[in-house]
Amino acid sequence: MPDVTTHKTTNAEASMQPSTETQTLVRIQDLEKRFDLSGSWLEQLQFKEGKLQRHQEFVHAINGVTLEVQKGEALCVVGESGCGKSTVARTVMGLISPSGGEIHYDGQRIDHLPAKAMLPYRRRMQMIFQNPYASLNPRMTIQQTLEEPLRFHQPGLNPSEVGDKVHEVMHAVGINPDWGKRYAHEFSGGQRQRISIARALAVDPEFIVADEPISALDVSIQAQVLNLMMDAQEARGLTYLFITHDLSVVEHFGTRVAVMYLGTVCELATTRELFANPRHPYTQALLSAIPRLEDDRPTHIRLQGEVPTPVNLPSGCVFHGRCPYADQRCRTEKPQLIPTAGGQVACHAVQEGRL
Amino acid sequence: MALLEVNHLDVRFALRGGDIQALRDVSFSLDRGERLGIVGESGAGKSVAAFSILNLIAQPGYIAGGDIHFDGQTLSAMSEHQLRQIRGHRISMIFQDPMMTLNPVLSIGEQMVECLRAHRRISHREAREIALDRLKQVQIPSPQKRLDQYPHELSGGMRQRIIIAIALLLDPDIIIADEPTTALDVTIQAEIMALLLELCEQHNVALMLITHDLGVVSQVTQRTLVMYAGRIIEQGPTKEIINDAQHPYTQGLINALPQMADPGQRLNQIRGAMPSLNAIPSGCAFNPRCDFATEHCRHVMPEFVTSGGCQVACHMVREMIEEAQHHA
Amino acid sequence: MTPSTTTTQVVPTRWQRFRASYLFYSFKRDRVAQISLLIFVALVLAAFSAPLIAPTDPYDLAQIDILNSELPPVWMEGSDPAFLLGTDAQGRDLLSTILYGARVSLLIGFGAVMLQGLLGILFGLLAGYYGGRIDAVLMRIADIQLSFSTLMVAIVVGAIFKATFGNLMFGEVAVLILILIIGIAEWPQIARTVRASVLAEKSKEYVDASRVMGFGSARIMFRHILPNTLSPIFVIATVQIANAIISEAALSFLGLGMPETQPSLGSLIKSGFDYIQSGSWWITLVPGLVLVVLVLVVNLLGDWLRDVMNPRLYKG
Ligand SMILES: Nc1ncnc2c1ncn2[C@@H]1O[C@H](COP(=O)(O)OP(=O)(O)O)[C@@H](O)[C@H]1O
Ligand SMILES: Nc1ncnc2c1ncn2[C@@H]1O[C@H](COP(=O)(O)OP(=O)(O)O)[C@@H](O)[C@H]1O
Ligand code: SF4
Ligand SMILES: [Mg+2]
Ligand SMILES: [Mg+2]
């Protein structure tokens, strides 16, 4: 059986690096992020066994994530809530600094750049947020919201050029440019999300991180916003890092998919491959749980237990407590990502050919 | 006669700009043991419809018209005291947020026992037995231990299981579940839905399932109501609605799902958004978004017509049926 | 793709927005707020136009006749119709002194709150936005500041000033000194409010969005976060005006505030206090009443504002 794996490996390598055309835009290398839960230094002091000790507790939100976003693709990151998707997004955008690992943009390491040196990258990478009701400043008109980034990044523009550009992006996202004097609360959720997209597009970025951009919207509006994002990708040659928990959206939108569980990537594959042939037991369970229209009854793979907290990470494979295929090795040894047909998977069972 | 019958329900909210009508002429029925899905976008009036059955609408809302019959009794004419005998006993509710039902300062066991003893003359011991039995039914790991735990000690999925156990406590005739899994992850959602379905079948309980997820509706329910801007616009057997929806809105809703388009292609979107209730267009409320709207649609509110097993409120569908009859 | 939910095409003007706002709506329905605002505006107008409308100028020694001292208000026996509310012990027209006194009190009230606002907003923003060590240091300073009562600060500052520059000089800049004392003693109140709302705003996504744009901290703090924390600042500032007026009155009553040559409401009450025994109660009671009314209406307005701007609190 191991032979098969190796055989597949060569296949995968061939398909993963087909030509010089695919170009890595963003590289996330061994990313780690811990959040300190224990408060200030004084609050950390505890009496234990008669001794005063310093006690610290961490949320291990990301534990060694390595991902490459290729130019022009939409890399989707999926996983259940709390698995660290947003943390990856926010670290890539420099909103929080990583506890370990590196982030490279277009060959340049950016995770420790001072604000000034980061500025040119700020124009090139933008973000769209989940909550349309919180992502626009309620005290600013739409016009002001859209003009500010332009004025900031291109101080050379004269007012009429700024006006033209704002007009153009508003038009591009399907918001009537005459409504510029209105405030965010006068728009519906879907319209606000369009405006958020317009704000991101205003500075002509090449890379957009979208953190659950449609999760808060109604089905009919989700389709509109998804189409808009696809239009923008086509018209402007955008690259997306698209974060979601909705697998049916991924199937439609993603070029490649990374499945995350407890802060680690457990499977990474092209969308087609992942949906046709999920390898990791967690991916399989996740896919089986999507309620499909054609189903008469729920037919999902039952997992034992629930997602453990990222405060005390399980040893070995993070999934072993819920995995139907877990054995002794899974409980002690952490699986590494190994290449498979069309992707990579981190699972001992797959590697050993048990699955 | 149906177990639950809602006729011409009219619910309004008295707001400072005047009344808004959250439900307009809503009529439907639910048979014993039947599973009914209510779908629609947020703000369509799904929750208001569910809440008004047990007269649970909060101020400034009020029931302005219509009547509700349950098992030979008229709920809409009952006093608050009489309704309390029905709530949680013969009709129980499951909300999206489990903490709406759970009391954070009482242990799970205490809450279940209290609920049982409020409606039945049984001893504390007996009540605890029943509670434990229900916890076993909802397949909670180590049920004995859960009785003494507090809601905050449990995960979201576990809490929703407890809620289901509480809903089943008094052997109700109907469970009304308002988006019970919207806040949960897909894997947990799948488990909870499967559980709910299994238990309803096992105990022959009727289920009214409110959700915006058409996939869930197709898996769990037998009949479906589609709501839009406070009205029912289509109802019928779930299979028929999913596979052969008649109303342009229902069609649009289904076709807008990512799985209905080829990967990488544009989704079939419905333009615009649902109007807010204080600005509902005249005629058919869907007309500004509808590809088939005519002048007639803009002025006259469509009545229900029967098409196959479905009831559809759409002029276009009515005309098509009339034409077909004409040819026949 | 044309959005169609917003039906009207006309963009409302600022005035239309205000008229449609909840603030205006609840004001229209709240009798207490209306009356309070009316009284407050009337008092402020009367006080600040004191030089124009007051019958006499209490600062002008030439207009004062000691023979007119302790005349009662007009509705009592032995009064002089020239002095509507009677006169004080030095023969000054009480109505005029009250008008001028209210002006001083209001000036100090507004001034002190402005200073509190300046310090409070600045430190509150810094503490809330940067968090960590800056937050810890600023908030400890605020705690220390609050643990000294206004009175103590006033005694110390007043004593130092009088010792260095003398009483005469103190009289000249008394208003400024009082603004400084009350402003410095009470800025932590505003700083805490600002900090709390900055913490709430900071976690919202529009702040992340401006950070993603690369905006500097100052721009984010002052252009994005500050405007969204104005409502609680507004509420507490209103209440603080009342507090500042009371503080000033208390200080003046104790002789630590405004000198008698330049009376505020507090010093009027104090100067009249000695004459209650001799039956001239009006010298102290009338300015006292004005003070109470002023503080009451400001507090009522503050309460109303808090209810309007924080509906969650209101509904309980
Ligand atoms: N600022 C923070 N402080 C402490 N813990 C955090 C913080 N942000 C995220 N976390 C924790 O990190 C984990 C990952 O969170 P997140 O990235 O938001 O997950 P997702 O977006 O996949 O739902 C969660 O357990 C969450 O509780
Ligand atoms: N407490 C309330 N006050 C005012 N209007 C309300 C209230 N609750 C509901 N409504 C109105 O009723 C409509 C339907 O609400 P709801 O039934 O909750 O929608 P959903 O279909 O999302 O459950 C809303 O669009 C809203 O206009
Ligand atoms: S490594 Fe083991 S525990 Fe982890 S997913 Fe694979 S089989 Fe399951
Ligand atoms: Mg997230
Ligand atoms: Mg609802």
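Some notes on this structure:
- Shielding by partners, peptide A:228-241 (average Cβ within 10 angstrom, other chains): 1
- Per residue of B:253-266, other chain Cβ atoms within 10 Å of the residue Cβ number 6 on average.
- With the charge dipole of the protein assembly as shown set up from +1 on Lys and Arg Cβ and -1 on Asp and Glu Cβ about the Cα centre, the Cα lying farthest toward the positive end among the listed residues C:Leu285, A:Gln29, A:Gly321 is that of A:Gln29.
- Contact order relative to length of chain B, as percent, for alpha carbon pairs under 8 angstrom and 6 or more apart: 19 percent
- The A-B contact accounts for approximately 3600 Å² of buried accessible area, totalled over both chains at a 1.4 Å probe radius.
- Among B:317-325, A:323-331, B:175-183, sorting by the average number of other beta carbon atoms lying within 10 angstrom of each residue, highest first, gives B:175-183, A:323-331, B:317-325.
- Selection from C:Ser197, C:Ala244, C:Met258 lying farthest towards where the dipole of region C:192-292 points positive, charges on Cβ: C:Ser197
- Potential lengthening of the chain between A:Asp327 and A:Asp204 amounts to 39.3 nm, from the contour at 0.36 nm per residue minus the alpha-carbon distance.
- Chain A against chain C buries an accessible area of about 2900 Å², both chains summed, 1.4 Å probe radius.
- Largest-first ellipsoid semi-axes for chain A, taking √(5λ) over the Cα gyration tensor eigenvalues, angstrom: 37, 26, 21
- Chains C and B, summed buried accessible surface - 1.4 Å probe, Å², nearest 100: 500 Å²
- For the pair A:Glu161 and A:Asp106, a Förster radius of 25 Å applied to the C-beta separation gives a FRET efficiency near 0.40, rounded to the nearest 0.05.
- Each Lys or Arg adds one and each Asp or Glu takes one away; over the other residues whose Cβ falls under 12 Å from the Cβ of A:Thr66, this sums to -3.
- Taken per residue, the accessible surface of chain A reaches 42 Å², heavy atoms only and a 1.4 Å probe.
- Accessible area, probe 1.4 Å, largest first, for residues A:Trp179, C:Trp281, C:Trp304: C:Trp281, C:Trp304, A:Trp179
- Carbon-plus-sulfur accessible fraction, region C:105-309 (probe radius 1.4 Å, protein heavy atoms only): 71%.
- Rounded accessible area per residue of region C:105-309, 1.4 Å, Å²: 43 Å²
- Dipole axis of region C:105-309 (+1 Lys, Arg; -1 Asp, Glu on Cβ), positive-most option in C:Leu115, C:Ala174, C:Gly131: C:Gly131
- Partners of C:Lys28 within straight-line reach, counting lysines whose Cα lies under 23 Å from its Cα and excluding those fewer than 8 residues away in the same chain: C:Lys315.
- Over the residues of chain C, the helix contribution to mean residue ellipticity at 222 nm works out to -23500 deg cm²/dmol, using -39500 (n - 2.57) for each DSSP H run of at least 4.
- Mean separation of Cα contacts under 8 Å (6+ apart) over length of chain A, as relative contact order %: 22 percent
- Rounded to the nearest 20 debye, the dipole size of region C:105-309 about its Cα centre is 580 debye, using +1 on the Cβ of Lys and Arg and -1 on the Cβ of Asp and Glu.
- Region A:285-348-region B:1-53 distance, computed between alpha-carbon centres (Å): 41 Å
- Rounded, prolate or oblate (a/c below 1.5 giving rounded, otherwise prolate when a/b exceeds b/c) for chain C by Cα gyration tensor: oblate
- Gain in span if fully extended, B:Gln139 to B:Asn268, counting 0.36 nm per residue against the direct Cα distance: 42.4 nm
- The spacing between region C:177-195 and region B:271-287, judged by their C-alpha centroids, is 52 Å.
- Size of electric dipole in the protein assembly as shown: Cβ of Lys, Arg +1 and of Asp, Glu -1, about Cα centre, debye, nearest 20: 1260 debye
- Within straight-line cross-link reach of A:Lys85, lysines at Cα separation under 26 Å, skipping those fewer than 8 residues along the same chain: A:Lys33, A:Lys71, A:Lys334, C:Lys202, C:Lys204
- Surface composition of chain A: carbon plus sulfur atoms contribute 50% of the solvent-accessible area (1.4 Å probe, protein chains only, all chains present).
- Area accessible to solvent at A:His245, 1.4 Å probe radius, in Å²: 80 Å²
- Those residues of region C:186-210 for which accessible area with every protein chain present is at least 20 Å² below the isolated value (1.4 Å probe): C:Glu205, C:Tyr206, C:Asp208, C:Ala209
- Inter-chain Cβ neighbour average for residues A:181-189, partner chain, 10 Å: 3
- Within-11-Å neighbourhood charge of C:Leu99 [Cβ basis; K, R +1; D, E -1]: -1
- Expressed as a whole percent, the accessible area of region B:147-300 that falls on carbon and sulfur atoms is 47 (1.4 Å probe).
- Angle of helix B:315-327 to the longest C-alpha principal axis of chain B, folded into 0 to 90 degrees and rounded to 10: 60°.
- Straight-distance candidates among the aspartates and glutamates for linking to A:Lys51, with alpha-carbon spacing under 20 Å and chain neighbours fewer than 8 residues away dropped: A:Glu43.
- Taking the Cα centre of region A:201-291 as reference, the dipole from Cβ charges on Lys and Arg (+1) and Asp and Glu (-1) amounts to some 300 debye.
- Calculated mean residue ellipticity, 222 nm, chain A: -10500 deg cm²/dmol, from DSSP H runs (n ≥ 4) at -39500 (n - 2.57) each, averaged per residue and rounded to 500.
- Mean Cβ neighbour count within 10 Å, used as a protection proxy, ranking A:124-134, B:278-288 highest first: A:124-134, B:278-288
- Fully extended contour minus Cα-Cα distance, from A:Gln70 to A:Gln44, at 0.36 nm per residue: 5.1 nm
- Burial order of peptide ranges A:191-203, A:62-74 (average beta-carbon count within 10 Å, highest first): A:191-203, A:62-74
- For region B:43-185: relative contact order, % (alpha-carbon pairs under 8 angstrom, 6 or more apart): 33 percent
- Spatial separation of Cα centroids for region C:241-288 and region A:56-108, in angstrom: 66 Å
The values are calculated or read from the model by the stated rules, or taken from the named source; none is laboratory data. Note that the coordinates shown come from a computational prediction; the quantities given were computed from them, not determined experimentally. FYI the Cβ positions are ideal-geometry reconstructions off the backbone, even for glycines, and counts take in every protein chain you see. For the accessible areas, the whole protein counts, side chains as well, though only heavy atoms, and no ligand, DNA or RNA atoms are used. Shrake-Rupley method; radii C 1.70, N 1.55, O 1.52, S 1.80 Å.
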